[in-house]
Amino acid sequence: MKIGIASDHGGYELKEIIHPFLTGLGYEVKDFGAFQLNDGDDYPDYVVPMGRALAEGELDRAIAICGSGVGACVAANKISGVRAALINDHFSAHQGVEDDNLNMLCLGGRVTGYMAAQELVTAFLNARFTGAERHLRRLQKVHLLEK
Ligand code: RB5
């Protein structure tokens, strides 16, 4: 699996922990920045290019981190084909994929500790969309909103 990761300054520290964690698990990781801590940077500048790459099939999954995870999630969901959610619990990390085909996990670098973040990321990446008819039906209704 090819995984994208992106953060602004609020998520930079956690990104720098999660990136090698993913590499250590054997994932191919593409880092969309930020590549240094800059308190004046803006999350859309990193999250939107990653979201576009995800929507275009260049990535299998993506992880976006800002201070709270909120801004990253709001920005990502403006891109057709991106299904992003701010996740703070283990159940949602896998159920969001299984039922809703979540393809971008958003985390709050100022909210979620790095051990918890590693568990959320692992649950997200190990989960697979079930493809159940009721979930496809619901996703189709969501997809129509992108038109
Ligand atoms: C940046 O200070 C902060 O607002 C941003 O990282 C994020 O939390 C927005 O949702």
Filtering helices (runs of 4 or more DSSP H) wholly in the stretch 1-120 for at least 3 residues that are more than 13 Å from the ligand (Cβ to nearest atom) gives 9-24, 44-55, 90-100
Under 7 Å by Cβ, and 6 or more places apart or on different chains, what pairs join a residue from the stretch 1-21 that is of a type in the set (A, V, I, L, M) with one that is at pLDDT below 95? none
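The values are calculated or read from the model by the stated rules, or taken from the named source; none is laboratory data. Predicted model only: the values in this text are computed from it and were never measured. Because the Cβ atoms are built from the backbone with ideal geometry, glycine has one as well, and the counts that use them run over all protein chains shown.
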